[in-house]
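Take a look at the structure below.
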Ligand code: TXA
Ligand code: MG
């Protein structure tokens, strides 16, 4: 099936959502593959298009705080505090769900992940559709998330419409937290850091319960279509530099590679995060490149989330 070229037609996109169709849309983190969250048949199409296993729940995107009350079954003042500080923005809260949320959205879990994205096009779409929108990242399951509209059209041709809002401004997926009586637990690291959160609610690192809580935490995820390794001198010895693309953080050791993409000009971690996935997409598309090397970053601030994604992208292809 041929997809339409990326569009900026929000009223049409909203109409498609109301009709139970699939619309990919920009958020500040990555592009999402959206459907009416209250329509189980529409949501089923997301799983089909992504080839996503049904045990992996979706995040519900809202544009108005009042929707939290409709979608959840708790009243917790910490939700208001966190929302006031971080929404719209890259924070997903996992909360006990109400009956309004179809089971397919949450993969049968009693909780639902909710976030208000910080992107005018996303917020407009949700408001005009007058429905909360369930949306995972708009990539095939386990692959690299899209940060540009063209990444979506290339990899998910079955989407009914792709809204083009330009490149995303955060570049990696939202921080996911789950609330406990005595604090919160981070299920996936993102641009909102533990320190940011602790300014608003006290943290108690409770033991994570057994089983898949957030499949984004599966060890291998975000896999590119060719081997990706974390840069280390011992790895460089084993690869063919002339067939390798380097994603660089510093300006050291960049000679001899087929292609070098400098992810940041001044070792700025936010800039590195913004550019990381697009650079991986570029290296994937370059036929002259067989191997991707990624220079690691310090694990502080958003660097924790960056290295989480890089390790997952590298997992399947570790040098023995
Ligand atoms: O930034 C983002 O979060 C992007 C944009 C589009 O909003 N979305 C995104 O969705 O990254 P996805 O589906 O690729 O990753 C969402 C993660 C999954 O790993 C899923 O397991 C977890 O959120 N999740 C969703 N609902 C959950 C729940 N009720 N309990 C635990 N984990 C949940
Ligand atoms: Mg994803």
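Worth a mention:
- For the chain, share of DSSP beta bridges that run antiparallel, in % to the nearest 5: 45
- Segment 1-53: C-alpha gyration tensor shape, a/c 1.5 cut-off, then a/b vs b/c: rounded
- Segment 1-120: radius of gyration and largest Cα-Cα distance (Dmax), Å: 14.5, 47
- The shape of segment 156-205 comes out prolate: with a ≥ b ≥ c from the C-alpha gyration tensor, a/c is at least 1.5 and a/b beats b/c.
- Each pair of Cα atoms in segment 233-278 enters the Kirkwood radius, and Stokes-Einstein at 37 °C and 0.692 mPa s then converts it into a translational diffusion coefficient of 291 µm²/s.
- Contact order relative to length of the chain, as percent, for alpha carbon pairs under 8 angstrom and 6 or more apart: 20
- Shape category assigned to segment 71-165 from the gyration tensor of Cα positions, a/c cut at 1.5: prolate
- Candidates 160, 287, 39, ranked by Gaussian network fluctuation over the chain, Cα under 10 Å, top entry: 287
- Contour minus Cα-Cα distance for residue 286 and residue 315 (0.36 nm per residue): 8.3 nm
- For the chain, alpha-carbon Rg over 2.2 N^0.38 Å: 0.98
- Relative contact order of segment 1-100: 18 percent, from C-alpha pairs under 8 Å at least 6 residues apart in sequence.
- Residue order, fewest to most surrounding Cβ atoms within 10 angstrom, among 64, 56: 64, 56
- In degrees, nearest ten, helix 77-86 long axis to first principal axis of the chain (Cα): 50
Coordinate-derived values only; no laboratory data. In this text, all values refer to a predicted model and were calculated from it rather than measured experimentally. For neighbour counting, all protein chains shown are included, and Cβ atoms are generated from backbone atoms with ideal geometry for every residue, glycine included.
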